[in-house]
Amino acid sequence: MSSALTPSVLRDLAREFGDRYQPKKLRALMVAGSGLKLEIPGWEASEKIPMAEIMPFDMHHLEGHDHSITLWRRGEESLMVMNGRFHLYQGYSPAEVVAPVRLAALLGAELMLATNATGSLDPEIPAGSLVIISDHINLQASNPLVGAWGRDFGPQFPDMSDTYDPEYRKIALRLAREAGFEVFEGVYVAMLGPSFETPAEVRMLGKLGGTVVGMSTVPEVIAARQAGMKNLVISLASNPAAGLVDRPLTHQEVMEAGQEAAAKLRILLGRLVENIIR
């Protein structure tokens with residue numbers, strides 16, 4: 001049903017969403033990665049809306065992702081929280097993957113704060129560590145700005161310098177250290193998936209300058225950048241990448257690591273919201 005999603009259809013969806021749910025002053029979009037449940041101190045969870053009720057394309061189930069949007073409210077302000085995300089490897093088109101980002105941008109959001117679960121490419125970054133993303137390498141062989149989508153939602157050739165906002169990164173690093181979390185900064189490598197990387201690929205990605213590797217986030221960041229939104233991405237290094245340890249990798253391991261780090265991320269995200277969204 002990918003043909004059901006067009007730029008004009010998405011604009012209509014944004015108008016309908018705004019009329020129905022009245023997000024009023026939407027401050028930010030927050031995206032939860034694999035196994036991560038976001039809580040926002042000081043804000044009240046309001047409507048929880050299944051993605052299937054919003055988007056005009058089929059949903060593909062993925063463990064740990066319930067594919068819904070929760071609106072959190074504080075007076076006249078709101079935050080849109082995307083519970084789970086769409087991935088290219090599930091069969092979604094690039095336009096479908098980033099549709100929630102563009103929806104949030106059309107409703108006025110100026111910031112995307114995203115989390116994800118990744119494999120660490122650096123033996124010095126242990127599982128359970130937080131990595132503030134400073135840049136990315138897109139090896140997914142796709143881009144959400146191709147065709148009409150690139151022309152309709154901002155410049156088709158957006159500048160990608162400082163795609164991950166430098167000031168917000170500094171704040172995130174400071175808050176994480178103040179909270180006593182082990183925190184790093186580095187480059188996210190986006191692979192298509194869904195298979196994990198081979199040891200040879202892991203060695204290559206490390207030599208290319210990658211710090212962590214995952215299968216999401218970059219399409220969303222590109223779409224947000226085109227729309228004029230600022231980006232802050234926090235990766236959980238949920239496991240060492242293949243070849244760095246002598247055991248196989250599993251999706252369950254990623255899920256469990258995400259659950260174990262939930263308290264750490266909740267604290268950091270709560271402090272970030274307090275410091276960034278005033």
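The values are calculated or read from the model by the stated rules, or taken from the named source; none is laboratory data. This is a predicted model, so every value here is computed, not measured. Cβ placement follows ideal geometry from the backbone for every residue including glycine, while neighbour counts extend to all protein chains displayed.
For the reader, a short list of remarks on this structure follows.
- Residue 135 vs. criteria touching a Phe, Trp or Tyr at 6+ places or on another chain (Cβ under 7 Å), closer than 25 Å to residue 162 by Cα and of a type in the set (D, E, K, R): yes
- Leading residue by the ranking (farthest from the chain's Cα centre (by Cα)) among those in the range 33-56 that are within 24 Å of residue 149 (Cβ to Cβ) and surrounded by 20 or more Cβ atoms within 10 Å (Cβ to Cβ): 55
- Per-region count, the range 137-164, residues touching a strand residue (DSSP E or B) at 6+ places or on another chain (Cβ under 8 Å), under 30 Å from residue 9 (Cα atoms) and of a type outside the set (Phe, Trp, Tyr): 4
- Residue in the range 96-105 that is assigned to a strand (DSSP E or B), at pLDDT 95 or above and touching an Asp or Glu at 6+ places or on another chain (Cβ under 9 Å) present: no
- Restricting the range 144-165 to residues that are assigned to a loop (DSSP other than H, G, I, E, B) and over 17 Å from residue 229 (Cα atoms), the residue that is modelled with the highest pLDDT is 146.
- For the range 49-70, the criterion of a residue being touching a Leu at 6+ places or on another chain (Cβ under 9 Å), under 23 Å from residue 153 (Cβ atoms), without any contact (Cβ under 8 Å) to a residue 60 or more places away in the chain and of a type in the set (Ser, Thr, Tyr) is satisfied by no position.
- Subset of the range 166-207 [assigned to a loop (DSSP other than H, G, I, E, B) and among the small types (Gly, Ala, Ser)]: 179, 180, 193, 195
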